[in-house]
1. Please work out which residue is farthest from the ligand (Cβ to nearest atom), limiting yourself to segment 104-138 and to residues that are in a loop (DSSP other than H, G, I, E, B) and in contact (Cβ under 8 Å) with a residue 60 or more places away in the chain.
2. Please determine whether any residue of segment 81-104 is more than 16 Å from PHE161 (Cα to Cα) and polar (S, T, N, Q).
3. If you scan segment 111-150, which residues turn out to be of a type in the set (Asp, Glu) and modelled with pLDDT under 85?
4. Exactly one condition in (1) more than 24 Å from CYS130 (Cβ to Cβ); (2) at pLDDT 90 or above; (3) within 16 Å of the ligand (Cβ to nearest atom); (4) not aliphatic (A, V, I, L, M) is false for GLY223; which is it?
5. Would you mind stating whether PHE196 is in contact (Cβ under 8 Å) with a residue 40 or more places away in the chain and within 13 Å of the ligand (Cβ to nearest atom)?
Amino acid sequence: MPRAKRPRPVVSRVIAPLLLFVACVPPAQQPTREPILPEDPPGPTYNSRVVALRTTLGRAAIRLEMRGEVETVKTPGCYDTGKPYGCAICPLVGESDPLDGAVLESLVTAFDRYPNGVIEATHIDKVALCKDIIYLDPKGRKVAGTIDIEERRLLISLDAFLDRDYEWASQWYTTEHIVHHELFHLFEHERMRAEFDDDPEWRLSNPLGFIYTDTAAATRPAGFVNEYATTNEIEDRASVFEMIMSAPDELCTIARDDQIVRTKVELVWRRVAALVGDEFMRARAPCVDWIERRSEPRTTGIVGGAWIRSGIGITRQQWLRPPAR
Ligand SMILES: [Zn+2]
């Protein structure tokens, strides 16, 4: 699922329909900035950060892909037009590319946030660091991240972070946002595949009469955490999770005055908590506590750690059980 890039303030309206939301809050652990510039040959700092990322991913048996023998990776849609989600081309980042070491640090932080064993639940094999992700489709989409379910690969575009210092305050999103967003797509694809494209419980949470459209809303409407979330229910859910993980304070501010967003946060939180643990989710987004209390009475809820089914909801067992292979 391509994850659209958010704009820099100077970006023209030409790509506005694909752009995303408001300014991010800083990651809890702000990366230090140690730029790797063209005149600075790759040194131990860069190398040690690559090693740290490889080690983090290696704990979940995931391989890091950077430029080496292979220069470019492509999604199956590039070879077979019948495949869903089109063709995405990823020229891999190499050690000679001017990359701020803090970008790698932020990626380590993102993956390290999850309790042991959780990343394995995505059944992902590879993480590709791309200089850019070029989507060959009629819409000419530019995306910051995407997943290749067939190849079990998560692709991250570093285009917005190459050749410049890594400053969360001037950037509308961080590499950490991209990781959480794409991992959520993978969690869902693994644990609720039947409802991946059509989630009745989620649909009911939307404003009455609302219909998703390919073109994102120009401004964030009530009931959504950002503009991009209005494009389809898959991106809507992933955007909520991304905010829980990367920008909980901003999310909690939105939820304070928005009952629909509170319902959506509760739904995503309830599902993911089955996988990663209730404590982990509460620690990440403390406002979950009051969101739970302020939510309207629902026919689906959590009682004694077990979910009560409304007849349309995703079950706790479903999120706990890996799919048959
Ligand atoms: Zn997405």
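The values are calculated or read from the model by the stated rules, or taken from the named source; none is laboratory data. Small disclaimer: the values here were computed from a predicted structure and weren't measured. Every residue, glycine as well, gets a Cβ built from its backbone with ideal geometry; the counts of neighbours run over all protein chains shown.
1. Within segment 104-138, the match that is farthest from the ligand (Cβ to nearest atom) is PRO115.
2. Taking every residue of segment 81-104 in turn, at least one turns out to be more than 16 Å from PHE161 (Cα to Cα) and polar (S, T, N, Q).
3. Hit for segment 111-150 is ASP137, nothing else.
4. (3)
5. no
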